[in-house]
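For reference, the structure discussed in these notes is given below.
Each reported figure results from applying straightforward, stated rules to the coordinates on display, with no laboratory input. A quick note: this is a predicted structure, and the numbers were derived from the prediction, not measured. Glycine gets a Cβ as well: all are built from the backbone with ideal geometry, and neighbour counts include every protein chain shown.
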Amino acid sequence: LLQVRTADSPHPRFDLNNDASLVIDIPDALCERDKVKFTVHTKTTLSSFQKPEYSVQRQHEDFIWLHDTIVETEEYAGLIIPPAPPKPDFEGPREKMHKLGEGESSMTKEEYAKMKQELEKTVQVHEVFLQRLSSHPMFRKDRNFQIFLEYDQDLTVRRKNAKEMFGGFFKNMVKSADEVLISGVKEVDEFFEQEKNFLLDYSSKIKDATAKAEKMTRSHKNVADDYNHISGALNNTAADNNTAFKKHLEKCAEVFEKLRKVEDRMASDQELKLTELLRYYTRDIQAAKDLLYRRARALADYENSNKALDKARLKGKDVAQAEENQKQCLQKFDKLSESGKKELTSFKARRVVAFRKNLIEMTELEIKHAKVRRLKCYVYHYMFIRQCSGILI
Amino acid sequence: MPHFRQNRLCLREYFNMFNEEENRDTFDIQISVSDPEKVGDGMNAYMVYKVLTKTSLSIFSRDEVCVKRRFSDFLGLHSKLASKYMHMGYIVPPAPEKSIVGMTKVKVGKEDLSSVEFVEKRRSALERYLLRTVKHPALLKDPDVLQFLESSELPRAVSTQALSGAGILRMVNKAADAVNKMTIKMNESDAWFEEKQQQFENLDVQLRKLHASVESLVCHRKELSVNTASFAKSAAMLGNSEDHTALSRALSQLAEVEEKIDQLHQDQACADFYLISELLGDYVRLITAVKGVFDQRMKTWAKCQDAQVMLQRKREAEAKLQHANKPDKLQQAKDEIREWEGKVQQGERDFEQISKNIRREVGRFEKDRVKDFRVVIIKYLESLVHTQQQMIKYWEAFLPEAKAIA
């Protein structure tokens, strides 16, 4: 039974808690076999909660359930729904975990470290999801959100019931943004016209930047792996030799091992601060586009209702009903527009804050790691130079 | 330990401080191979390199000589040295490998990056080859070496096939087969040789693995460079698309930083390659040469044994003739005995000599390799320090830009 925990991780996380009345974090995550169990910790002063503090165990599927119920809530159609966290992906480490279950030898230090890094990533993204909800005036009051935070039992049963209840009722509202529909809308509102153009362009650019950042991070990790292999090969070569050469090779192996550690840390920090940031905002941009889509649909409905009203008036039949329908469509459209404007404005602010924070943290980490590496190289350089009088055979 | 603070001691001064110590105990001879020039056209074209020798040694006629040599000249030199010295147990540094693919590209006139890299790789290899050759005290004095370095005209080397690295390996394998068929064992004083031979076998295997790992590093570092450049472009596009002014500016700056870092990665990849990867490649080939001399010793021993056997036969023949009353034949037999006694003595002397030479050569090799590897790791660490220094500079310049996002 292997447990990988993040509780003792020194890694600073992106904290979206902006209001002391409801503070959420994930202080610990446990990885067993192929399940990840998140510890969700809540501190609140809100009267709607029964207790001031909660600590519950949740699985990824619980987060998805929460996300889906929110998406399917008509009331939230005018809001940007925080994107669902992606499924924790452990690939190779997962296979290793299975093998461990079957009694194979233990994980290497490197494999363990990789698992821990993956765990850190997934915790960050699940945590941000909850903090987005808690920091939003409407989502924080959501009944299911409260259940998610409070209910001290397994949510599995509830989840199954909910699926049967909703069953695709608002399915056509849930469809991912149809770009054709959005761009086809004849926009009279300057704000939405600009937003639409911006989002469509930005969305493709950020997707591309995410992909390129991922490749860059992967290359960094490959270099770190190579340092690891070189260190191992140097130690193997040293084993068969004697005296000065052996000592020398062992020292070189040490150098490469140290280089590997720093390179690895640099790669994972870059991933957490840059790649994950870009990944997250790719999803968030999609959520914003979904909002535009819902508004465009509402506009289409309104235009249809106008046509229906004209038709009804011509025929002289069911006019009152058609008038009522048209009024409702207009109301809905206006509500989405008003709410949408607020959401998109705060979205920009949020994006700017997030980029700023992450870019600063990433830069500070890069500088820190580079300085550490420089110092280590200096130290080893000095050591090798000083060795000169010691090695003459 | 001296203070490392940037403003106290300039980086370059710091490194020079130590390099001067290093250079004090190097040879009084410096060789450089430079200025590759293409001569001729099409498939008959070839590259000519400038070989500059600076020395204070008296065996040279001038203290600074500059000659032009082509690749086949180097191969010719090696071929001569190998034929003269290998059978005596001297470790003759192997010449750089031929490359049909590489050369064809150059001949055909492709001015692309890979041809330029190929020529640089070869130039560097030729330089290392000459430096290693003159480091050998016996080879330094060799007339062929002197002629190579000094004489303005050199007769075209014809048989450059003879002793490439692959050629030596083939020879070694054939010799190994012959040895296995030998029934006469060598005596105990060869324990040292057996042990050393085993060590070199192991070292060969391990260095090849190490070399492969380093080649992988070079490859991935190059990939990192490409991916960083690609990300930089993408970040710039994202910056253009971003409608918040300060964030847009910061993203463009980020793109610029990443572009500069891409260049750093490229430089680092070069260091990875030229410092470490090529050194390991040289040592893999050098070990082949070492294995070659051990086999020469085996051959010498076999020859010695054959002579013993022959002598024995001649003695038996003479003994028979004692009772045969054929005075002419008896005299001939006695003469042959003397001849073969001489050959046996010579064989024993040769064997002693080659054994002695090999012990000395191996000692020298073991001392040199520590020095070589040490110099390389020191230079590599210096390259890393330079890279880190630059990286710190770039990121520190970017930090206020990131903070300026409002």
Quiz item: Expressed as a whole number of Å, what is the distance separating the alpha-carbon centroids of region A:263-281 and region A:298-344?
Solution: 46
Quiz item: Any idea how far apart A:K141 and B:A404 come out in nm if each label point goes 7 Å out from Cα toward Cβ?
Solution: 4.3
Self-check item: Residues B:V375 and B:K50, FRET efficiency given R0 of 35 Å [Cβ-Cβ distance, rounded to 0.05]
Solution: 0.90
Quiz item: Once you average over the residues of A:349-361, how many Cβ atoms of partner chains fall within 10 Å of each Cβ?
Solution: 4
Quiz item: Under the Kirkwood approximation for Rh and a Cα-based Rg, what ratio Rg/Rh is obtained for region B:213-405?
Solution: 1.51
Self-check item: Projected label distance in nm at A:K186 and B:E150, using a 7 Å step from Cα toward the beta-carbon
Solution: 9.6
Exercise. Please work out how much length the chain gains when fully extended from B:C270 to B:K320, using 0.36 nm per residue of separation minus the C-alpha to C-alpha distance, in nm with one decimal.
Key: 10.6 nm
Quiz item: In the calculated pair distance distribution of region B:250-351, what percentage of Cα-Cα distances lie above 15 Å?
Solution: 77
Practice problem: Rounded to the nearest 0.05, what FRET efficiency do B:R208 and A:E254 give with R0 = 22 Å and r taken as the Cβ-Cβ distance? Could you check? | Solution: 0.50
Quiz item: Among the lysines, which fall within straight-line cross-link reach of B:K84, defined as a Cα-Cα distance under 23 Å, with same-chain neighbours fewer than 8 residues apart omitted?
Solution: B:K98, B:K135, B:K141, B:K174, B:K291, B:K299, B:K303, B:K343, B:K356
Quiz item: To the nearest 0.05, what FRET efficiency results for A:K368 and A:E323 with a Förster distance of 60 Å applied to their C-beta separation?
Solution: 0.35
Quiz item: In region B:307-333, which residues have a backbone nitrogen under 12 Å from the label point lying 7 Å from B:E348's Cα in the Cα-to-Cβ direction?
Solution: B:308
Quiz item: Would you list A:M383, B:M391 from fewest to most Cβ contacts within 10 Å?
Solution: A:M383, B:M391
Exercise. List B:V134, A:V372 from most exposed to least, where exposure is judged by having the fewest other Cβ atoms within 10 Å.
Key: A:V372, B:V134
Quiz prompt | Along each principal axis, Cα extent of region B:262-312, largest first, Å | solution = 74, 8, 6
Quiz item: Taking 1 over the mean of 1/r across every pair of different Cα atoms in region A:173-392, what Kirkwood radius in Å do you get?
Solution: 22.6
Quiz item: Taking the Cα-to-Cβ direction at A:K37 and at B:L330 and moving 7 Å from each Cα, how far apart do the two end points lie in nm?
Solution: 10.7
